[in-house]
């Protein structure tokens, strides 16, 4: 959408009748501009005039310059996933990815600058590969045991150990100990950024 606007109108040396058609274009352009994604002038009674209907954000390609005492919300192509996503940059210059996810049994999702990842494993020991690599740091992981229905309850307790010294930005190691029984199954949730 192109919105036409005539700069420097009215012009002092001009006769107002000469500038009047361009002034009318400018006045109408203001209504058109305000009505894009907003409830505009003369909105129906009870409609929150000036409020956003929707926000459209174009790819900014790079992070904006930091502005003191100002938080900035913008869109750019992310690393995870490689698609246009929403970002926030605070007054200290820290950038947080706000959106992007893979919603499945083994998946991940950004929430307020923190990347959550989750999954299910049936291994009794070894390395669990994360769905995506944490861009900066792997903070923590928890694991909870489970079983597949009443006939498959483990004969004895099994304990899941996460080797916290094994955390990398792309994996972690686990060991399940306990008496023999069905193949262990556990749910895990990892957090990083």
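The values are calculated or read from the model by the stated rules, or taken from the named source; none is laboratory data. Remember, it's a predicted structure, so these values are computed and weren't measured experimentally. Cβ sites come from the backbone with ideal geometry, for glycine too, and all protein chains shown count toward neighbours.
Looking only at the range 33-57, count how many residues are surrounded by 10 or more Cβ atoms within 10 Å (Cβ to Cβ) and farther than 28 Å from residue 87 by Cα.
Looking only at that region, the number is 3.
Is there any pair linking a residue in the range 20-49 that is outside the structural domain of residue 1 (by TED's automatic domain parsing) to one that is part of a loop (DSSP other than H, G, I, E, B) and modelled with pLDDT under 90, with Cβ under 6 Å and at least six apart or on different chains, and which?
none
Please find, among 46, 50, 12, the residue that is closer than 26 Å to residue 75 by Cα and assigned to a loop (DSSP other than H, G, I, E, B). Talk me through it step by step, then tell me what you get.
Numbers: 46 fails: closer than 26 Å to residue 75 by Cα; 12 fails: closer than 26 Å to residue 75 by Cα.
Exactly one residue qualifies, and that residue is 50.
Please pick out the residue among 144, 159, 122, 168 that is at pLDDT below 95, within 28 Å of the chain's Cα centre (by Cα) and in the same structural domain as residue 187 (by TED's automatic domain parsing). Steps first, please.
Values: 159 fails: within 28 Å of the chain's Cα centre (by Cα); 122 fails: within 28 Å of the chain's Cα centre (by Cα); 168 fails: at pLDDT below 95.
Being at pLDDT below 95, within 28 Å of the chain's Cα centre (by Cα) and in the same structural domain as residue 187 (by TED's automatic domain parsing) holds for just one of 144, 159, 122, 168, which is 144.
Checking the structure you have, find out if any residue of the range 118-130 is in contact with a strand residue (DSSP E or B) (Cβ under 7 Å, 6 or more places away or on another chain), closer than 30 Å to residue 161 by Cα and without any contact (Cβ under 8 Å) to a residue 12 or more places away in the chain.
No - not one qualifying residue is present in the range 118-130.
Name the strands (runs of 3 or more DSSP E) wholly inside the range 75-148 in which the number of residues that are touching a helix residue (DSSP H, G or I) at 6+ places or on another chain (Cβ under 6 Å) is 2 or more. So that I can check it myself, show each step before the final result.
Working: elements: 84-89, 95-97, 107-111, 114-121, 125-129, 138-146.
Ranges flagged: none.
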